[in-house]
Each structure stands twice: as C-alpha cells, then as structure tokens.
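Working notes, structure below.
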Amino acid sequence: MAETEPFSVLFVCLGTLSRFPKSISYSGSSDFSLADLLSGNICRSPAAEAVFTDLVRKRGAESKFKIDSAGTIGFHEGNSADPRMRAAAKRRGIDVTSISRPIRPSDFREFDLILAMDMRNREDILSAYGRRRSKEPLPEDASKKVKLMCSFCKKHNEAEVPDPYYGGPQGFEKVLDLLEDACESLFDSIMAEKNDVVETDKAAYSMEYEDTVTLYFPLVNETKSGSLKASPSYISEYEF
C-alpha cells in the first residue's frame, strides 16, 4: 500500500461538559491521528489519551497510532495531569503520563478528526478556527473535523463528558467510564472505516495494519481564580 498522509483526530473540550458524534466521515487517507482537547489539558483530555493508548496497546495496534492531548489555552502548559485523575486511572491499570500543552493552529492541518469533551468547547474551537483562518491558510474542511466524544458511547446515554475537577472521586470514575466506552467504539469505527476486521471479543489482534493512526487528546484549562473560561476571546488571547 502506498504511504499516505496521516489521518488525524483531535478531541476538544473547553467548557465543563463534552459530547461526540455517532459516526465519522473520513478523507480516505490510510493514516489516522486523534486529538482530544480540553482547555487545561490536565484532567479529561490526558485521561482520554491514556485510555485510548491503553486500548490500542491491548488490541495490538500501538505502532499504528500516534496519540496526543492538548488544551485550548496554556495556563497549565508543562504540567502533569491532575493527581486525582492519575490515581483513578491507575486503579484501572492505566497510566496517565502526558504533559499539558496548548492547541496550535497547525493542529487543524495535522489532525483529521478533532474531538471535544463538551458542546461549549466545540463551539469555541470552531469560532477560533474561523478567526485563525482569516490570518493564515487552514484547510477549508477543518471545521468538519470537530466532533463530540460521548457520541461514540454505546453503553452510556450522556451527551457530554462532565468536568470532575470540582467534585469528588466518583466524578473521576464517571469520566473514565465514559471515556472507556467511547474509546472502544471509536477504535472499532476507525478499524471498520479502514476495512480492517475488528473482533471486539479478542484481547489482541493478529492482523497486520499497513496504516498509521495518530490520536490527539486536548483538554480544558482552569483560570487562576479556579473558574473555567470558555469564550472564544479567551482562547484567542493565548493561542488563536
């Protein structure tokens, strides 16, 4: 198979909740990259990155995916994920090791799918994209890449991934439940789109993949006052 440009996916979240669509339209590229975006990139998005990374590893497709996460602003840039989220994930055998970074305009070119944790974040990312596109060349269809995460869920009916930052331990467990559900469906959707047979009852896969999948998971940032700011103008102050 001829080598193609990576197909990239970005998960985006800026507000307190998030959602994702039930299906994905692909550009036909063999390679795939995913990004999960929240504003601070210290809670939900690094967890999404870790959950998907763990799933891909267990399915035997780790070398075929590039997985990352980022935030819509850089308040927590360079920081590790929230220790409560790391602890909750660790109890499930999942290591959350990513370091926070802000989303970049180039992400709209480099990633094929942008997935957000909540609707408000999705709207802010679309607004930021529109403003940035007036300043530099960005793909015309980039806005179609922005999707919501929970739309991939099959076991849960929630429309958005709730922000656990100000809640108790049960909030972090709920987020992980939703992410595990959504990531399983997302993985199967990608493999099906790539015409690979996915047997979900198998712990590992013996088939050979010729493509590379890149996954990117960005998160939401909190302000110094402790509140979340999700306005497009706030995003533009930092990166856009």
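Annotations for the structure displayed:
- Index of the failed condition, ALA182 passing every other in (1) surrounded by fewer than 19 Cβ atoms within 10 Å (Cβ to Cβ); (2) touching a Phe, Trp or Tyr at 6+ places or on another chain (Cβ under 8 Å); (3) of a type in the set (A, V, I, L, M); (4) not in a loop (DSSP other than H, G, I, E, B): (1)
- Of all residue pairs spaced 6 or more apart or on separate chains, those with beta-carbon atoms under 9 Å, a first member in the stretch 76-92 that is farther than 18 Å from LEU178 by Cβ and free of Cβ contacts under 8 Å to residues at least 60 places away in the same chain and a second member that is surrounded by 15 or more Cβ atoms within 10 Å (Cβ to Cβ) and among the charged types (D, E, K, R) are GLU77/ARG101; GLY78/ARG101; SER80/ARG86.
- Selection over the stretch 54-96 of residues that are under 24 Å from GLN170 (Cβ atoms) and hydroxyl-bearing (Ser, Thr, Tyr) gives a count of 2.
- Residue ID - farthest from the chain's Cα centre (by Cα), chosen from residues in the stretch 49-66 that are in a helix (DSSP H, G or I) and among the small types (Gly, Ala, Ser): SER63
- Hits in the stretch 142-157 (condition: without any contact (Cβ under 8 Å) to a residue 60 or more places away in the chain and surrounded by fewer than 19 Cβ atoms within 10 Å (Cβ to Cβ)): SER143, LYS154, LYS155, HIS156, ASN157
- Matching helices (runs of 4 or more DSSP H) fully within the stretch 74-173 where at least 3 residues are of a type outside the set (Asp, Glu) and in contact with a strand residue (DSSP E or B) (Cβ under 9 Å, 6 or more places away or on another chain): 119-133
Readers should treat all values here as calculations from the given coordinates under stated rules, not as data from a laboratory. Nothing here was measured: the structure is a model prediction, and the numbers come from that model. Cβ: placed from backbone, ideal geometry, glycine included. Neighbour counts: every protein chain shown.
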